[in-house]
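Following: one structure in C-alpha cells, then a few remarks.
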C-alpha cells in the first residue's frame, strides 16, 4: 500500500512539474513579446513626436485656431504612448491662434500632410499588431490597435476591417447599417429616428416605433413605463427592454456598447486563447444573437421585472444565466458594467464553472472603467466604490485564504456583510491584473478562462501565476498594504506651517 501511495504522489508531483514547466515557458514567450512591445512603444513614441512636431512647424508658418483640433488629437494619441512627450508638445500648440477659415487650397495641402504623417505613425503599430496576433499574444495586439485608433480615430482601413461604416458623424456596424439604409439615424437622446423626419422630432413630435404612431416623448415614456409594455431598443450587440425613460435607456445602450468592445480587448485571451478561436470576437467583428438587458426605472421596478420566483435579496442587479439576461435599474453605470461583465463572460464561455469569488471579483474590477486616450481603461481604483471600501475600511479586508474559500454561491451569500466579499474579491483580481506592471495579467486571464470552462484540472490560482501559495499570500498582503498607505498618504492633510 505504501508503494502504491508513493507512486501516486510521485505521479501527481511529476504532472504538476510538467504543468508548471509549460506555464513557465508560456510566460517567457509572452514576456518576450511584451518586452518588444514596450520597446516598440518607446521607439514609436519618439518617432511620432517628430512627425507631430514637423506638423506643428508647418502650422506655425501660417498659424490659425483651425489647425489645433487635429494637432491636439495627435498629441492625445501620443499621450497613450508617452505622457511626458505629449505634455511637452501640448505647450507648443499655444501660439496656434487666430480666427477665420484658410483658403481651400491651403486646407487641402494641410490635410494631405496630416494624412501622410498619420500613415507613417500608424504603419509600424499596425505591423506589430499583426506580429502579436501571429504569436498568439492577442492582448498586446489589441493594445496596438487601440494606439492606432488613439492617433487616428477616423482610420478608414481599420474601421473597414472592423466592419464599420461612417454615415454622417457616426460609425455603424453591420446590423445598425441595415437600419441606416432603411432611412433611420441614431441620435444620442432618442435612439433610432427617421432621418427625413428630423425636423419633426426637433419640433417636439416623436414616432413611437412599437405602437407605430406619432405622439410626444412624454406620452411614449408613460406608455412604456410598465413591464406590460416596456421600451424595446436594439443596437449592434444588444436588445434592451426597459421601463425607464427612453433617454436613460439610450444612454445605457451607448455606455454598454462602448463597454462591450473594451471587455473583449481587456480579456482577449479569455475569448481567443493563444490566438486560436474566433479572433473576430476580440476585435468586435463576430456576429451573435443580441445580448438581452432589462432596465427598470428604479429599484422597485427592477425587482418587479425579475422572472417569477426570483429572489432579489439585497441585490441592485443580477445576471440570470438560464434566460440568459441581465437585470438592473437605471442608475449608476457601475451597476450596468458589473452585471454586464457577468453576462459577457458567461455567454461567451457557454456556461460558468468558476468559483464565486472569481466571478464577482472580475465584475468588481471591470465595473468602474475610465476614459483614457479616447477609450475605456480598466483598473481605476479611485473610481471603484468596492475597492475604495477595501482601502478605507479595515473590516472589509479579508485575508487571501478567506477569499479563496468563497468558492460557491452558498458560501458567498452566507456573508453577514457581503460588502467585504465584493471589496476583497475585487482587490484580489485588481492585484492579479495590475500589480508588478501587469506582469501576472496574462496568466490570470488563463485562470479565469479555464475556471469558467471547468478546465483548470484542479490547478489553483498560485500555480497559474507561477507562485507558491505562501508567495502569493505574502505578495498580495504586501501589495494591499502599500496601496492603502499610498492612498492614506496622498489624502493626508498638509501640516500647518
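The values are calculated or read from the model by the stated rules, or taken from the named source; none is laboratory data. Owing to the predicted nature of the structure, the values given are computational and were not obtained by experimental measurement. For neighbour counting, all protein chains shown are included, and Cβ atoms are generated from backbone atoms with ideal geometry for every residue, glycine included.
When the residues of region 465-489 are narrowed to those that are over 30 Å from residue 451 (Cα atoms) and more than 27 Å from the chain's Cα centre (by Cα), which ends up modelled with the lowest pLDDT?
489
For residue 35, indicate whether it is exposed (fewer than 13 other Cβ atoms within 10 Å of the Cβ) and either closer than 26 Å to residue 145 by Cβ or at pLDDT 90 or above (or both).
Here the answer is yes, as residue 35 does meet what is asked.
Could you run through region 410-421 and say how many residues are in contact with a helix residue (DSSP H, G or I) (Cβ under 7 Å, 6 or more places away or on another chain) and surrounded by fewer than 14 Cβ atoms within 10 Å (Cβ to Cβ)?
1
Is it fair to say residue 209 is out of contact with any strand residue (DSSP E or B) (no Cβ under 8 Å at 6 or more places or on another chain), crowded, with 16+ Cβ neighbours inside 10 Å, farther than 22 Å from residue 162 by Cβ and in the same structural domain as residue 324 (by TED's automatic domain parsing)?
No; evaluated as a whole, the condition is false for this residue.
One residue is enough: does region 340-350 have a residue meeting the conditions closer than 16 Å to residue 249 by Cα, in contact (Cβ under 8 Å) with a residue 24 or more places away in the chain and in the same structural domain as residue 263 (by TED's automatic domain parsing)?
yes
Can you name the strands (runs of 3 or more DSSP E) wholly within region 298-409 that have at least 3 residues being surrounded by 19 or more Cβ atoms within 10 Å (Cβ to Cβ) and touching a helix residue (DSSP H, G or I) at 6+ places or on another chain (Cβ under 6 Å)?
Strands (runs of 3 or more DSSP E) meeting the threshold: 325-329.
Within region 415-429, is even one residue within 30 Å of residue 135 (Cα to Cα) and in the same structural domain as residue 390 (by TED's automatic domain parsing)?
Checking region 415-429: at least one residue is within 30 Å of residue 135 (Cα to Cα) and in the same structural domain as residue 390 (by TED's automatic domain parsing).
Can you report the number of residues in region 160-194 which are surrounded by 13 or more Cβ atoms within 10 Å (Cβ to Cβ) and on the phi > 0 side of the Ramachandran plot?
So the count comes out to 2.
Does at least one position in region 46-56 carry a residue that is assigned to a helix (DSSP H, G or I), under 22 Å from residue 140 (Cβ atoms) and in contact with a strand residue (DSSP E or B) (Cβ under 8 Å, 6 or more places away or on another chain)?
no
Results for (1) at pLDDT 95 or above; (2) surrounded by 18 or more Cβ atoms within 10 Å (Cβ to Cβ); (3) touching a helix residue (DSSP H, G or I) at 6+ places or on another chain (Cβ under 7 Å); (4) over 30 Å from residue 441 (Cα atoms), shown as yes or no for each residue.
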position: 196; (1), (2), (3), (4): yes, no, no, yes
position: 216; (1), (2), (3), (4): yes, no, no, yes
position: 224; (1), (2), (3), (4): yes, yes, no, yes
position: 240; (1), (2), (3), (4): yes, yes, yes, yes
position: 271; (1), (2), (3), (4): no, yes, yes, no
position: 274; (1), (2), (3), (4): no, no, no, no
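When only residues in region 413-430 that are assigned to a helix (DSSP H, G or I) and more than 14 Å from residue 363 (Cα to Cα) count, which is modelled with the lowest pLDDT?
Among those residues, the one meeting the criterion is 413.
Name the residue that is farthest from residue 125 (Cα to Cα), counting only residues in region 57-102 that are over 27 Å from the mean Cα position of the chain (by Cα), in contact (Cβ under 8 Å) with a residue 40 or more places away in the chain and in a helix (DSSP H, G or I).
Per the criteria, the residue is 66.
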